[in-house]
Amino acid sequence: MQRGVKERGRARAAALWALRAGVERQAAHRFGRLARALQETGADDVVIEMARRASDDEVRHHHLCVELARELGATRMPQIDEEPAAVRLGRECPRERLLAEVVAMSCVTESLSAALLVQMRAQAVEGRVRDVVHEVLRDEVDHARLGWAHLAAEASRARVDWLAPHLPSMLAATVHEELFAEPSGDDGVAQVVAGLGGLTRRQRRSVFLGSMEEVVLPGLRRFGVDTRPAAGWLRGRMAAA
């Protein structure tokens, strides 16, 4: 492989990890806010503690991503708003608004993140990249469990089928743009990035669709949520991509 191709690939991978560092910082703030909201609304203690741990995990992930980005050559970290807006679905009940955000953040986003990280770990060519991906993956699985645990608890108290018509906007709000970014146009560069924690556009789409169809939507259906609106959104988004 030409030296210039390898250097461009590492630079692109560095930028990718720098971007992820900002996303992890956002997630730390969001889980911290969710932990406080869960406590205020009388959620199960185990769920509250899971949210607190998730916030601490995401701070650690942020530092791991920063370190890896710098090892790959990044000199600047992108500025990302550290206080992301809450997911609001027009529900008047604070408990329902909170459930919607937990489902969006954990059941959807963290389940998808875990699936993507599994693929990244499988194709990582450098030990340091593999170690970081493995550590983040281990925690993201627990973060997804948080959402399913809270949904189960809420479903035992009241109907949660009102989530159904809100699923398309929830998916649209929580799916990160990295999933559908255009390919680089340089196969050599893409190959380098793929071994350093990146995924090709085809892989991202495949993992996204698989995690939604095999994990998220079946999980929601178990609690009586009609996932046909979400399935329709998925078909339209994949076609547009």
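The values are calculated or read from the model by the stated rules, or taken from the named source; none is laboratory data. Every value quoted in this text rests on a predicted model; they were computed, and no experiment measured them. A quick note on method: Cβ atoms are made from the backbone with ideal geometry, for glycine too, and the neighbour counts reach across all protein chains shown.
Just checking, does the range 147-169 include any residue being in a helix (DSSP H, G or I) and at pLDDT below 90?
Kept after step one, since they are in a helix (DSSP H, G or I), are these residues of the range 147-169: 147-155, 161-169.
Okay, now just the ones that are also at pLDDT below 90, so 169.
Yes, because at least one residue in the range 147-169 is in a helix (DSSP H, G or I) and at pLDDT below 90.
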Exercise. Please name all residue pairs, on different chains or six or more residues apart, with Cβ atoms under 8 Å, provided the first residue is in the range 146-173 and is within 16 Å of PRO218 (Cα to Cα) and the second residue is among the charged types (D, E, K, R).
Key: GLY147/GLU110; ALA149/ASP44; VAL160/GLU154; ASP161/ASP226; ALA164/ASP226; ALA164/ARG228; LEU171/ARG237
Quiz item: In the range 125-159, which residues are exposed (fewer than 15 other Cβ atoms within 10 Å of the Cβ), under 23 Å from GLY73 (Cα atoms) and of a type in the set (A, V, I, L, M, F, W, C)?
Solution: VAL125
Self-check item: Within the range 91-117, tally of residues that are closer than 18 Å to GLN203 by Cα and acidic (Asp, Glu)
Solution: 1
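May I ask you to list the residues in the range 28-67 that are of a type in the set (A, V, I, L, M), part of a helix (DSSP H, G or I) and touching a residue at least 40 places away in the same chain (Cβ under 8 Å)?
Looking only at the range 28-67, we keep the residues that are of a type in the set (A, V, I, L, M), and these are 28, 34-35, 37-38, 43, 46-48, 50-51, 54, 59, 64, 66.
Next, only the ones that are part of a helix (DSSP H, G or I) stay: 28, 34-35, 37-38, 46-48, 50-51, 54, 59, 64, 66.
Passing the criteria: LEU34, ALA37, LEU38, VAL46, VAL47, MET50, ALA51, ALA54, LEU64, VAL66.
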Exercise. Please list, ordered by first then second residue, the pairs with beta carbon atoms under 6 Å, 6 or more apart or interchain, first in the range 68-87 and within 25 Å of ALA11 (Cβ to Cβ) and among the β-branched types (Val, Ile, Thr), second surrounded by 16 or more Cβ atoms within 10 Å (Cβ to Cβ) and modelled with pLDDT of 65 or more.
Key: ILE80/GLY22
Exercise. Find the residue count for the range 112-123, including only residues that are touching a His at 6+ places or on another chain (Cβ under 9 Å) and surrounded by 18 or more Cβ atoms within 10 Å (Cβ to Cβ).
Key: 4
Practice problem: Six or more apart or on different chains, Cβ under 6 Å: which pairs go from a residue in the range 8-26 that's without any contact (Cβ under 8 Å) to a residue 60 or more places away in the chain to one that's buried (at least 19 other Cβ atoms within 10 Å of the Cβ) and among the β-branched types (Val, Ile, Thr)? Could you list them? | Solution: ALA21/VAL66
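Can you find a residue that is over 29 Å from ARG8 (Cα atoms), outside any helix (DSSP H, G or I) and modelled with pLDDT of 95 or more anywhere in the range 130-139?
At the first step, the residues of the range 130-139 found to be over 29 Å from ARG8 (Cα atoms) are 138-139.
Within this subset, residues satisfying the condition of being outside any helix (DSSP H, G or I) are none.
For the range 130-139, residues over 29 Å from ARG8 (Cα atoms), outside any helix (DSSP H, G or I) and modelled with pLDDT of 95 or more: absent.
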Quiz item: Out of all the residues in the range 76-92, is one or more under 15 Å from GLN26 (Cα atoms) and either at pLDDT 90 or above or part of a helix (DSSP H, G or I) (or both)?
Solution: no
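Could you say whether any residue in the range 11-25 is small (Gly, Ala, Ser) and not in a helix (DSSP H, G or I)? Can you show your working first?
Here is the first cut: in the range 11-25, the residues small (Gly, Ala, Ser) are 11, 13-15, 18, 21-22.
Checking which are not in a helix (DSSP H, G or I) leaves us with none.
Checking the range 11-25: not a single residue is small (Gly, Ala, Ser) and not in a helix (DSSP H, G or I).
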Practice problem: Select from the range 116-145 the residues that are without any contact (Cβ under 8 Å) to a residue 12 or more places away in the chain and in contact with a Lys or Arg (Cβ under 8 Å, 6 or more places away or on another chain) and list them in ascending order. | Solution: ARG130
Practice problem: Look at the range 185-234 and say how many of its residues are in contact (Cβ under 8 Å) with a residue 40 or more places away in the chain and polar (S, T, N, Q). | Solution: 4
